[in-house]
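Here the structure comes first, spelled out in structure tokens, and everything after it is commentary.
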Amino acid sequence: MNSLSTNSANSPVAHCSSIFHLIDDPRLTKDPYVFIDNGMLVVENGIIIAAGERNEIEPTLAVDCKIVEHPNTIITPGFFDLHIHFPQLTTVAFYGEQLLGWLNGIIPEEEIYKNPEIAAERAKIFLKETLRAGTTTMCAYGSWAKESVDALFSEAERLNLRLIAGKVMADRNMPDGISITNPKDDYEHSSELIEKWHGRARLAYAVTPRFAISCTPEDLKVAGNLMKENPGIYMQTHLSENPKEISFTLELFPGRKSYLDVYDHYGLVNERSIFGHCIHLDDDDFKRVSETGAVLCPNPPSNMFLGSGLFKFEKAKEYGIRMGMGTDFGAGNTFSMLQSMENAYKTAQLQGYSLSPFEAFYHATLGGARALSIDNKVGNFEIGKEADFVVLDACCTPFISWRMEHAKTPLEKLFVLMMLGDDRAVKHTYVYGNPVHSRDS
Ligand code: GUN
Ligand code: ZN
């Protein structure tokens, strides 16, 4: 194969492969996708300048355009993981608990991310693994320590990655023996990080109250104020993940009619809000989410691992909810959005709803971009967008290769990848036109 050209020195690079991307929401429009068997994606200075049939594009290429062949592959937009925890690298696969017991077991490990050297070393490991999984845009939780988020943003900037991240706010109900923050420090440290990182390179800040249980009313008020003072930042938190979590939340916030209403009361439910899990929402909650334009982010691998329950994909469709999808690593036992799609399919099946691969890939690509209001920059292969993409290997194992030979339609091919694939299927990951992960080198 030709060498994987870095797309930096002005000359365009044409990638030859099958190409797949979404152009609209499959929940609203029938089959709004493009699948080209013999396709070409042309990138110049990090930007897509052409995407389509190879035989139409090739004659138009500039003389200095490099051609890179990717045989037996499908190029898709890079994946969006809208809910992932950086400081859970050493606690993934923690045995035997459901949510609250699991948190008591794993949170103490997040202390170490206060150490800048350790945080820097782990940020490298974390982002390497997400790129290996084909994830090019993330909404990540740091630890309570601002140093953890500093380290993650620094490494993302070095890689020119799109990253949204925030330091966790938590001023009560944390496990014994670990540091908790206070509303004043949460305000000051979050503000410092916003000032330093928000809008720099491809980075953005998310105010991150860990969840309502970990925040006093004062701390949630601070989160609301930070959002008001910094238009353009995001807010990410956990919502309605587990029945015991929900009843404890309602005890802590008497007078609020639902878990969602707790966040709403503090001005935290709007189109910049990303809520993880959202398993046990009722119709009133769905209605409120829909009218505010807030984003729901199911995390199927985590929901299976912790036994938290099944996200209601059909309800979300009925209410026209803006959605992304995540792994929730390290409650999720994978970095792979392909595996998140697999678990999403099974989650929907258990409720009598068939989640098509087009809907699953939508949530993991264009839907994620729309959820973050950055679909003018990333999410599919429209000309002028930033070239974040993955080269998926249709022959990544002998059996998958053989199974793929029997897959005739785009739906079948994508479904095989999402049901059988994982990071082995990600042959290359490109960020802003540059190769940042190559499986075989
Ligand atoms: N709720 C509050 N913190 C967490 C966390 O780290 N993981 C999950 N899955 N739920 C949470
Ligand atoms: Zn989480």
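Each reported figure results from applying straightforward, stated rules to the coordinates on display, with no laboratory input. Everything numeric here is computed off the predicted structure, so don't read it as measured data. Note that each Cβ is placed from the backbone with ideal geometry, even for glycine, and that neighbours are counted across all protein chains shown.
Residue by residue, segment 109-119 carries 3J(HN,Hα) couplings of 5, 6, 4, 5, 6, 6, 6, x, 5, 5, 4 Hz when phi is fed to the Karplus relation 6.51 cos²θ - 1.76 cosθ + 1.60 (θ = phi - 60°); x denotes Gly or Pro. I need the calculated FRET efficiency for the pair V63 and S356, taking r as the beta carbon distance and R₀ as 45 Å, to the nearest 0.05. With a Förster radius of 45 Å, E is 0.60.
Computing FRET efficiency as 1/(1 + (r/R0)^6) for A201 and N225, where r is the C-beta to C-beta distance and R0 is 22 Å, gives about 0.25.
Restricting the calculation to Cα atoms, segment 166-222 yields a radius of gyration followed by a Dmax of 12.0, 38 Å. Working ranking of peptides 206-212, 39-45, 418-424, 226-232 by packing, defined as the average number of other Cβ atoms within 10 Å per residue, highest first, is 206-212, 39-45, 418-424, 226-232. Computed from Cα atoms, the angle from the helix 243-252 axis to the main principal axis of the chain rounds to 40 degrees.
Grab the other residues whose beta carbon is less than 10 angstrom from that of V391, score K and R as +1, D and E as -1, and report the net. List each step's numbers first, then the result.
Details: positive: K427, R439; negative: D393.
Computed value for this residue: +1.
Between segment 49-72 and segment 218-266, how many Å separate their Cα centres? About 49 Å separates the Cα centre of segment 49-72 from the one of segment 218-266.
Each peptide in 340-346, 190-196 was scored by the mean count of other Cβ atoms within 10 Å over its residues; highest first, the order is 340-346, 190-196. Once the chain from R158 to L411 is taken as fully extended at 0.36 nm per residue, the excess over their C-alpha distance is 87.4 nm. In the chain, the longest principal axis of the Cα atoms and the axis of helix 217-229 are about 40 degrees apart. Counted residue by residue at 0.36 nm each, then reduced by the alpha carbon distance between them, the extension gain from N104 to S438 reaches 116.5 nm.
Couplings 3J(HN,Hα) of segment 38-54, computed from phi: 10, x, 8, 10, 10, 10, 9, 6, x, 10, 6, 10, 7, 8, x, 5, 4 Hz, in residue order, whole Hz [Karplus 6.51 cos²θ - 1.76 cosθ + 1.60, θ = phi - 60°; x for Gly and Pro].
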